[in-house]
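The values are calculated or read from the model by the stated rules, or taken from the named source; none is laboratory data. These numbers were taken from a predicted model, which means no experiment stands behind them. We place every Cβ from the backbone using ideal geometry, glycine too, and count neighbours over all the protein chains shown. Quick note on the areas: whole protein, heavy atoms, side chains included, nothing else; ligands and nucleic acids left out. Shrake-Rupley method; radii C 1.70, N 1.55, O 1.52, S 1.80 Å.
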Amino acid sequence: MGLQLDIPTLTNQFDYFPGTRYMGSKNKIIGDLWHVLKDYEFDSFYDAFAGSNIVGYFMKCQGKEVFSNDFMAMSYHNAKAIIENQFQQINQAEIDYLVNHDNTSNFISQKFKDLYFSDSDNAFLDRVRTNIEFLDDEYKKSIALSALSRACIKKRPRGIFTFIGNRYDDGRKDLKDSLKEHFVNNISFFNSAVFDNGLDNKSFNKQTQKLEIKADLVYLDPPYYSPKSDNDYVRRYHFVEGLVKNWEGLEIQENTITKKFKSYQSPFSNKLKTYDEFERLFEKFKDSTIAVSYSSNSLPTKEELTEILKGHKEHVSVHEIDHTYSFGTQSHKIGNVNNRVKEYLFIAT
């Protein structure tokens with residue numbers, strides 16, 4: 001059974017979640033999701049496409065045993081830092097070492113010069129990324145990598161890396177602070193988010209199709225295929241994903257102005273593969289309660305997804321979440337009525 005803790009205590013802990021403007025994050029509707037999910041009995045929760053990890057962290061705060069998985073390394077380390085990790089924090093001496101210890105690395109300073117950050121910020125990234133490898137604890141490494149990733153996202157206009165320079169600078173304080181200031185502040189945020197819910201939570205960095213997890217409730221929020229929006233997380237966050245992986249095993253596309261790397265293969269990259277993948281996922285998790293987050297501008301349609309679920313589960317219900325938002329970061333898409341979407345939550349038992 002899950003650890004029985006009083007809700008006010010858990011809610012207060014959830015306040016420490018270090019959120020971002022991560023594409024597809026459920027930060028604005030987490031309360032609506034819980035309003036539906038709390039009526040189902042489950043002690044273990046599998047967040048199969050974890051993304052920002054806000055849903056998995058929320059479930060940890062509710063005393064659930066959480067399994068978090070994402071194909072992005074940046075998401076994996078975030079989960080390892082605050083979902084799997086129960087007590088490790090980075091101390092002041094370690095912070096001083098990370099930001100001050102000299103090293104000879106200049107990869108970022110040379111490869112990404114004049115693209116996203118100033119020369120001094122790039123030199124800082126080179127130094128800290130090298131020093132992280134000398135931390136003697138895997139959870140502390142994940143905290144440091146997550147803090148560095150969040151620092152880069154906070155420092156960037158719109159929090160993405162699909163363009164170079166600062167043409168979308170809106171004067172926010174986040175854009176004026178140095179990466180060092182962001183990083184040190186974020187270490188504190190991630191330290192505060194660490195807590196022990198008494199359960200054996202785990203984080204994974206694999207393709208969902210290749211990972212065998214058994215849980216009472218499986219939550220699916222994949223990067224849906226849509227002809228109206230971009231679901232390529234690598235394109236938006238390639239720099240921080242590369243930073244976390246130290247660009248090991250990644251193929252940087254030198255001909256691109258953003259110096260992005262070749263995107264990971266995804267079964268949700270085209271329409272046909274998307275339909276087939278849902279069939280496989282629902283069959284894979286047919287012994288669990290399945291919850292599916294869904295946006296109305298995506299494929300399959302609401303009706304099609306309902307029928308696919310009914311092929312694997314006996315009961316399917318659809319809940320419309322009272323939240324409509326404009327999706328897209330390109331100037332011609334923002335505020336476009338054709339790009340407004342609704343959120344649905346499918347529950348299959």
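At a glance:
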| item | result |
| --- | --- |
| On Cα atoms only, tilt of 271-284 relative to the major axis of the chain in degrees | 70 |
| Degrees between helix 179-193 axis and first principal axis of the chain (Cα, 0 to 90, nearest 10) | 40 |
| Whole-number accessible area per residue in Å² for the chain, which is evaluated in the context of all protein chains at 1.4 Å | 45 |
| Rounded percent of accessible protein surface that carbon and sulfur make up, the chain, 1.4 Å probe | 47 |
| Convex hull volume of the range 95-142 per residue (C-alpha atoms, cubic angstrom) | 78 |
| Of the GluC sites (Glu not before Pro) in the range 128-233, those whose Cβ has at most 14 other Cβ within 10 Å and which sit in DSSP loop | Glu133, Glu212 |
| Ranking by accessible area, most exposed first, for His35, His319 with a 1.4 Å probe | His35, His319 |
| Loop chymotrypsin sites (Phe, Trp or Tyr not before Pro), the range 169-217 (other Cβ atoms within 10 Å of the site Cβ: 11 or fewer; DSSP) | none |
| Choice from Ser295, Ser266, Ser203 showing the highest fluctuation, given a GNM over the chain with Cα pairs closer than 10 Å | Ser266 |
| Ratio of the Cα radius of gyration of the range 118-206 to 2.2 N^0.38 Å, where N counts its residues | 1.24 |
| The range 184-226: equivalent-ellipsoid semi-axes (sqrt of 5 x gyration tensor eigenvalues, Cα, Å) | 27, 18, 10 |
| Chymotrypsin sites (Phe, Trp or Tyr not before Pro) lying in DSSP loop within the range 80-120, provided at most 10 other Cβ fall within 10 Å | Phe87 |
| Choice from Arg167, Arg127, Arg236 with maximal GNM fluctuation in the chain (Cα, 10 Å cutoff) | Arg167 |
| Tilt relative to the chain, helix 119-132 - C-alpha long axis, 0 to 90 degrees, to 10 | 70 |
| Karplus (6.51, -1.76, 1.60) ³J(HN,Hα), θ = phi - 60°, over the range 195-211, in Hz, Gly and Pro reported as x | 7, 9, 9, x, 10, 8, 6, 9, 10, 9, 10, 9, 5, 3, 5, 9, 10 |
| Amide H partners (placed H, <5 Å) of Tyr225, local residues excluded | Leu299 |
| Largest-first principal axis extents of the Cα set of the chain (Å) | 60, 46, 36 |
| HN-Hα J in Hz across the range 111-117 - Karplus 6.51, -1.76, 1.60, θ = phi - 60°, x for Gly and Pro | 5, 10, 4, 6, 9, 10, 9 |
| Over the range 164-304, equivalent-ellipsoid semi-axes from the Cα gyration tensor in Å | 31, 24, 17 |
| Selected from Arg172, Arg158, Arg150 as most flexible by GNM, with the chain as the system and alpha-carbon contacts under 10 Å | Arg172 |
| Cubic angstrom per residue, convex hull over Cα atoms of the range 69-217 | 144 |
